[in-house]
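See structure below.
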Amino acid sequence: MTNALSKLLDSRDWLMADGATGTNLFNMGLMSGDAPEMWNVDESAKITALYKGAADAGSDIFLTNSFGANASRLKLHGAEGRVHELNKVAAELGRDVADQSGRTIIVAGSVGPTGEIMSPMGSLTHERAVEMFHEQAEGLKAGGADVLWVETISAAEEFIAAAEAFALADMPWCGTMSFDTAGRTMMGLTSADMVKKVGKIAHQPLAFGANCGVGASDLLRTVLGFAAAGPTLPIIAKGNAGIPKYHDGHIHYDGTPELMADYAVLARDCGAKIIGGCCGTTPEHLVAMREALETRPRGDVPTLEQITTALGGFSSASDGTDGAGPEASPRRGRRRRSE
């Protein structure tokens, strides 16, 4: 498949993705409970600033402000009829920023989970999930997205439905799941399980991996799990900037730019080819990550001990790939840095 992201992947040893969407929009004034996607129309200058912040910090890929722009989630705001509009505008704003940057930047159309539980455990059918993802995909495609990017998925069934929808839209795509429950997704998948599932998808992604989750150290353990399973596709790592803490009425992620620089280099050495941040990751973090990736030489695959020494302890004793069940592990203190 010939597309902008494939060409970039073929020409580079690593690519840097963007950071957080929600965290940065909250810093711009978004209120809790509001739909960020409405800002594509109502506060378009701020969305442009969000994208430009990632581009100026050195990101090769940034995700559109369309994570929750599916019919199910927009229905909570009485906007289920605006799916195509809000996705199209999200991509159009991103396309303008990328085209004006003077270099190749990939506009990735963000597609988040529907927020519903798929059958047989829930009421969401495969057909309806495909329909919702397809509607969103067509809007992002119309707005000029280079690729589609499904993220923070917990259920394999939803991931597969998104892939089918993206095939209907005739769009290349990437996909990440969130491993936030003792090294597994909320629905119980391990990193090894995901590699097997991805390998069986008819409309193959350009890259796959993990985003969000618990913390940067947990995410890198998941990346090591991907690499150990021998995938043929590039791996994505998009970890949170530390651990969330409530401070002065706001959720604050305690990862410093220096810590995220260490994370970025470790992610590369673990086997990730696309490296970015998730919750809490600001342009300041991205600048430090880019500099570290450009200046620090590639190293050996890090051990789990090296990861925890640099980034802090794991949230569970096992990631599930060893056959062990969920078991809490006391979080060890992370190396402290000046805030």
Quiz item: Can you give the relative contact order of the chain as a percent, counting alpha carbon pairs under 8 Å and 6+ residues apart?
Solution: 16 percent
Practice problem: Return the loop-located trypsin sites (Lys or Arg not before Pro) in segment 188-258 (DSSP other than H, G, I, E, B) with at most 10 other Cβ atoms within 10 Å of their own Cβ; answer none if there are none. | Solution: LYS200
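Dipole magnitude of the chain about its Cα centre, charges +1 at Lys/Arg Cβ and -1 at Asp/Glu Cβ only, in debye to the nearest 20?
Working: 30 positive and 42 negative charges, 133 e Å.
Dipole magnitude for the chain comes out near 640 debye.
Give the peptides 95-102, 274-281, 35-42, 135-142 in descending order of average Cβ contacts within 10 Å, highest first. Could you put the intermediate results ahead of the total?
Numbers: 95-102: 14.9, 274-281: 28.0, 35-42: 20.4, 135-142: 23.5.
Result, highest mean first: 274-281, 135-142, 35-42, 95-102.
Among 188-194, 26-32, how do they line up from the highest to the lowest mean number of other beta-carbon atoms within 10 Å?
Most protected by this proxy first, the peptides run 188-194, 26-32.
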Quiz item: In terms of modelled amide H atoms, which long-range or inter-chain residues lie less than 5 Å from the amide H of LEU206?
Solution: TRP173, CYS174
Exercise. Counting only heavy atoms of the protein chains, get the accessible area per residue of segment 29-123 (1.4 Å probe) and round it to a whole Å² value.
Key: 42 Å²
Quiz item: Roughly how many Å is it from the Cα centre of segment 121-150 to that of segment 167-207, as a whole number?
Solution: 15 Å
Quiz item: Under a 5 Å amide H to amide H cut-off, with H placed in plane at 1.01 Å, what residues pair with GLY276 once short-range neighbours are removed?
Solution: ALA17, ALA237, LYS238, GLY239
Quiz item: Given (1) 23.0, 96; (2) 18.5, 51; (3) 24.8, 91 as candidate values of Rg and Dmax of the Cα atoms in Å, which corresponds to the one derived from the coordinates?
Solution: (2)
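Leaving ligands, DNA and RNA out of it, report the carbon-plus-sulfur percent of the accessible area of segment 170-316 at a 1.4 Å probe.
55 percent
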Quiz item: Going from most exposed to least, what order do THR222, THR2 have by accessible area with a 1.4 Å probe?
Solution: THR2, THR222
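The values are calculated or read from the model by the stated rules, or taken from the named source; none is laboratory data. All values derive from a computational prediction rather than experimental measurement. A quick note on method: Cβ atoms are made from the backbone with ideal geometry, for glycine too, and the neighbour counts reach across all protein chains shown. Each accessible area value is taken on the protein alone, full model and side chains, heavy atoms only, with ligands, DNA and RNA left out. Shrake-Rupley method; radii C 1.70, N 1.55, O 1.52, S 1.80 Å.
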